[in-house]
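I have placed the structure first, in the form of structure tokens, so that the comments after it can refer back to it.
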Amino acid sequence: MEFFDSHSHYNDEAYNNDKDEILEAIYQEGITKTVTIGYNIEKSKKAIEIANNFIYATVGIHPSDIEKSEQEILRQIEEVKQLALNKKVVAIGEIGLDYYWGKDNKELQKFAFIEQIKLANELKLPIVIHSRDAIMDTIEILKGEYKPKYSGILHCCVLNKELIQTGIDTGLYVSFAGPITFKNTKNTELIKNIPNDRILIETD
């Protein structure tokens, strides 16, 4: 059986010493396609660097890595646009909202999220969405004027009925990682309502 890992971070420093050995091992175990996710300029470049015949890359700015003004955010996104022209880049992400780590810059987070969705639409690329403690604002953006046009993934999806349904209605896939196996995980029955062809797995 072959597996597709839709969200990995082999661009992280934790893999500096044994990345090649790990990648060879997972390939031999049946993970024949994986996407290494960028989350700032440096890690987006790194994701492209390690892409090969079975590893693809995404590029983008995570909400925890955005700059402190709209002008600086737009400068970052212009860098992302240039990186996204690489043929191994398959999506813009991970992008989105994170109010767990940052409550004092919600408007800038929303600005960066929308601008990167607009970039993805311009380049005809899907997006990879990070949403933490920001369900309603994520839903509002996905239903709004600048919703994604070329699909995408709700990454490590929060088990929230309205968010999941909004994602499906928007044409997104829904990806689940290790937290759904935790004993204190709630609402796992919601997974049963997701079409089989919209469910992805990830290691994150």
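The values are calculated or read from the model by the stated rules, or taken from the named source; none is laboratory data. All values derive from a computational prediction rather than experimental measurement. Reconstructed Cβ throughout: ideal geometry from the backbone, glycine too, with neighbour counts over all protein chains shown. Remember, those area values only see protein heavy atoms, side chains included, never the ligands or the DNA or RNA. Shrake-Rupley method; radii C 1.70, N 1.55, O 1.52, S 1.80 Å.
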* May I ask you to rank Glu29, Glu70 by accessible area, largest first, using a 1.4 Å probe over the protein chains only? => Glu29, Glu70
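Under a Cβ-Cβ cut-off of 11 Å, what is the net charge of the residues other than Thr32 that fall near it, where Lys and Arg count +1 and Asp and Glu count -1?
-2
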* Solvent-accessible area, 1.4 Å probe, carbon plus sulfur percent, for the range 70-204 -> 50
* List the chymotrypsin sites (Phe, Trp or Tyr not before Pro) in the range 103-204 that DSSP assigns to loop (not H, G, I, E or B) and whose Cβ has at most 10 other Cβ atoms within 10 Å. Which are they? -> Phe182
* To do: Quick one: order Leu23, Leu74 from most to least accessible surface, probe 1.4 Å.
  => Leu74, Leu23
* Structure fact -> Taking a probe of 1.4 Å and leaving out DNA, RNA and ligands, the chain shows per residue an accessible area in Å² of 53
* To do: Could you size up the charge dipole of the chain around its Cα centre, putting +1 on the beta carbon of Lys and Arg and -1 on that of Asp and Glu, and report it in debye to the nearest 20?
  => 580
* To do: Just grab the label-to-label distance for Lys124 and Glu2, each label 7 Å out from Cα along the Cβ direction, in nm (one decimal).
  => 2.5
* To do: Would you list the membrane-span-like helices of the chain, meaning whole DSSP H runs whose alpha-carbon atoms span at least 24 Å along their axis and whose mean Kyte-Doolittle value is at least -1.0?
  => 106-123
* To do: Decide, for the range 1-150, between rounded, prolate and oblate: order the square roots of the alpha carbon gyration tensor eigenvalues as a ≥ b ≥ c, take rounded if a/c falls under 1.5, and otherwise choose prolate if a/b is larger than b/c, else oblate.
  => prolate
* Asked: Pulled fully out, how much extra length does the chain show between Trp101 and Ile114, if you take 0.36 nm times their separation in residues and subtract their Cα-Cα distance?
  -> 2.8 nm
* Asked: Each label point is 7 Å from the Cα along the Cα-to-Cβ direction; what then is the distance between the points at Gln71 and Thr32, in nm?
  -> 5.2
